[in-house]
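First comes the structure, then the notes that go with it.
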Amino acid sequence: MTAAAHVVHIITMLELGGAQQNTLYTCEHLDRGRFSVGLAYGPGGILNPDAGRIPALERREIPDLLREINPIRDFRAFVALRDWLRAEKARTRLPLVAHTHSSKAGVLGRAAAKAAGADVIIHSIHGFGFHDFMPPARKAFYIGLERAAAPVTDFFIAVSRENADTAVRLGLCAPDRVRVIHSGIPIREFQLDEAARKSERSRIRAELGLSEKTPVAGFIGNMKPQKCPTDFVKVARIVRRKLPDAHFFIAGDGPLRPEVEKLIAEYGLQDCFHLLGWRRDVPGLFAAMDVFCLTSLWEGLPRVFPQAMAAGAPVVGTAVNGGPEAIIHGENGYLCKPGDVEGLASHLYELLNQKPKRQLMGERGRARVREWDIDQMVRDQEELYLQLLREKGLC
């Protein structure tokens, strides 16, 4: 079968996050009978070696594609992307679909794709680079960048309905030019059978020096302002007062780690709070915890929510952006307003203290996780590529 198009994904940095992992999964699993595939990304990502292991993938690391704004390096990144996209189109002699992700790559990548003569330009919204917790002038600047990139964009993918609605409300796209495709997960990897679940639970709890009966709450995510891990420490302090044998862990790392460590010491939680760093054994981490907690200030749709659902872990989190599309308050978890430390602590204590209730919520989560299947996410993207190519008479 002759490929219908050459699809190039462009992302700022391949760090250990949902947008990055799903982009790599898409690159690996796109139907090679229908599409040839390329990937452009910035330097220094923990997942860069993973990209190198994907077969039949044309890769290009762009040294100047960085998250920070730097006019000179941003221009260099634009030129490098433009020239590589032109070369890829000439090499493959196929219609070129440019699919961008994240804020910096989303703006520079779409501009470069337009300059390179890409036939279709798509941008995935995994949350926005602007939010209500930044200074108004800075937020307006980032919205302005998105509006500048919007006219060259043929179609938008949003990982949540809330993100799609925001894009339409801000005038970034028409309602018929955006489609919700949930950020998928490999559901079966998280649905461990009973023997595997018990084995992983025992292994990780032994690593932490914890017994089977120790109440444990876990946080999986990067230590960046978006995730507000310091609020999780504050929640832990309140819960620990009511439940003295409770333990807590964070799996992840980032710039706020020193602040998290300082707060743990200030609250005297060193004996019950575990910082695990980056981990790849996420299904096992869910097995080891009793309740999952996420204290984000903003999100797209946190991929870790459906991961928790698939694993059967009840969720206590914040009702930000697409979160309520996964977690139904009172059914498979509890959601509070961002920053509501007291409310989060109250719900976390309740679930850590009531095994039957958390088991019921975990079962309800598993029952409704199917719509986050990662393979369906890839198929939906493929169909969108073909639809847009057909609209332009290119396939």
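Of all residues in region 19-45, those that are over 17 Å from Asp373 (Cα atoms) have Cβ atoms under 8 Å from Cβ atoms of residues that are assigned to a loop (DSSP other than H, G, I, E, B) and β-branched (Val, Ile, Thr), 6 or more apart or on another chain, in Leu39/Ile54; Ala40/Ile62; Tyr41/Thr12; Tyr41/Ile62; Gly42/Thr12; Gly42/Ile62; Pro43/Ile62. With the checklist (1) closer than 23 Å to Glu382 by Cα; (2) part of a helix (DSSP H, G or I); (3) of a type in the set (D, E, K, R); (4) touching a helix residue (DSSP H, G or I) at 6+ places or on another chain (Cβ under 7 Å) in hand, flag the one item Arg60 doesn't pass. All conditions pass for Arg60, except number (2). Among the listed residues Glu207, Glu200, Glu212, which satisfies the condition of being surrounded by fewer than 18 Cβ atoms within 10 Å (Cβ to Cβ) and in a helix (DSSP H, G or I)? Matching residue, one of Glu207, Glu200, Glu212: Glu207. Checked against the criterion of being within 20 Å of Leu301 (Cα to Cα), surrounded by fewer than 19 Cβ atoms within 10 Å (Cβ to Cβ) and acidic (Asp, Glu), region 164-176 contains one or more residues that satisfy it. Does at least one position in region 50-57 carry a residue that is surrounded by 18 or more Cβ atoms within 10 Å (Cβ to Cβ), in a helix (DSSP H, G or I) and in the same structural domain as Ser124 (by TED's automatic domain parsing)? The answer is yes, given that some residue of region 50-57 is surrounded by 18 or more Cβ atoms within 10 Å (Cβ to Cβ), in a helix (DSSP H, G or I) and in the same structural domain as Ser124 (by TED's automatic domain parsing). Within region 260-296, the residues that satisfy the criterion of being in a helix (DSSP H, G or I) and either surrounded by 14 or more Cβ atoms within 10 Å (Cβ to Cβ) or among the polar types (S, T, N, Q) (or both) are Val260, Glu261, Leu263, Ile264, Tyr267, Val282, Pro283, Gly284, Leu285, Phe286, Ala287, Ala288. Per the conditions (1) of a type outside the set (S, T, N, Q); (2) buried (at least 21 other Cβ atoms within 10 Å of the Cβ); (3) in a loop (DSSP other than H, G, I, E, B), the sole criterion not satisfied by Asp231 is (3). Condition test on Glu28, is it in a loop (DSSP other than H, G, I, E, B) and of a type in the set (Asp, Glu)? In short, no. Against the criterion of being in contact (Cβ under 8 Å) with a residue 60 or more places away in the chain, not in a loop (DSSP other than H, G, I, E, B) and not hydroxyl-bearing (Ser, Thr, Tyr), Ala251 does not qualify. In region 141-196, which residues are in contact (Cβ under 8 Å) with a residue 12 or more places away in the chain, of a type in the set (Asp, Glu) and not in a loop (DSSP other than H, G, I, E, B)? Scanning region 141-196 gives Glu146, Glu162, Glu189. Do we have any residue at all in region 268-289 that's polar (S, T, N, Q) and under 19 Å from Asp340 (Cβ atoms)? No, every residue in region 268-289 fails to be polar (S, T, N, Q) and under 19 Å from Asp340 (Cβ atoms).
Annotation note: of Phe141, Phe133, Phe156, Phe128, the sole residue that is surrounded by fewer than 16 Cβ atoms within 10 Å (Cβ to Cβ), under 20 Å from Ala19 (Cβ atoms), outside the structural domain of Arg366 (by TED's automatic domain parsing) and among the aromatic types (Phe, Trp, Tyr) is Phe133.
So is Leu16 at pLDDT 95 or above and within 23 Å of Lys224 (Cα to Cα) or not? It is false that Leu16 is at pLDDT 95 or above and within 23 Å of Lys224 (Cα to Cα).
Within region 97-119, restricting attention to residues that are more than 23 Å from the chain's Cα centre (by Cα) and surrounded by fewer than 24 Cβ atoms within 10 Å (Cβ to Cβ), the residue that is nearest to Ala167 (Cα to Cα) is Ala111.
Here's the yes/no breakdown for (1) outside the structural domain of Ala319 (by TED's automatic domain parsing); (2) touching a strand residue (DSSP E or B) at 6+ places or on another chain (Cβ under 7 Å); (3) hydrophobic (A, V, I, L, M, F, W, C):
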| position | (1), (2), (3) |
| --- | --- |
| Asp193 | no, no, no |
| Ser211 | no, no, no |
| Val216 | no, yes, yes |
| Gly221 | no, yes, no |
| Thr230 | no, no, no |
| Val235 | no, yes, yes |
| Leu243 | no, no, yes |
| Phe249 | no, yes, yes |
| Glu259 | no, no, no |
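Among residues of region 364-389 that are in contact (Cβ under 8 Å) with a residue 40 or more places away in the chain and part of a helix (DSSP H, G or I), none has a beta-carbon under 8 Å from a residue that is of a type in the set (Phe, Trp, Tyr) and loosely packed, with under 15 Cβ neighbours inside 10 Å at least six positions away or on a different chain. Of the candidates Pro356, Pro338, the single residue that is outside the structural domain of Leu94 (by TED's automatic domain parsing) and buried (at least 18 other Cβ atoms within 10 Å of the Cβ) is Pro338. Of the listed requirements (1) farther than 22 Å from Pro314 by Cα; (2) out of contact with any helix residue (DSSP H, G or I) (no Cβ under 7 Å at 6 or more places or on another chain); (3) of a type in the set (Asp, Glu), Asp281 misses just one: (1).
Scanning region 8-18 for residues that are surrounded by 22 or more Cβ atoms within 10 Å (Cβ to Cβ) and touching a strand residue (DSSP E or B) at 6+ places or on another chain (Cβ under 8 Å) yields Val8, His9, Ile10, Ile11, Thr12, Leu14.
The values are calculated or read from the model by the stated rules, or taken from the named source; none is laboratory data. Values in this document were obtained by computation on a predicted structure and should not be read as measured data. Neighbour counts are summed over all protein chains in view; Cβ atoms, including those assigned to glycine, are modelled from backbone coordinates with ideal geometry.
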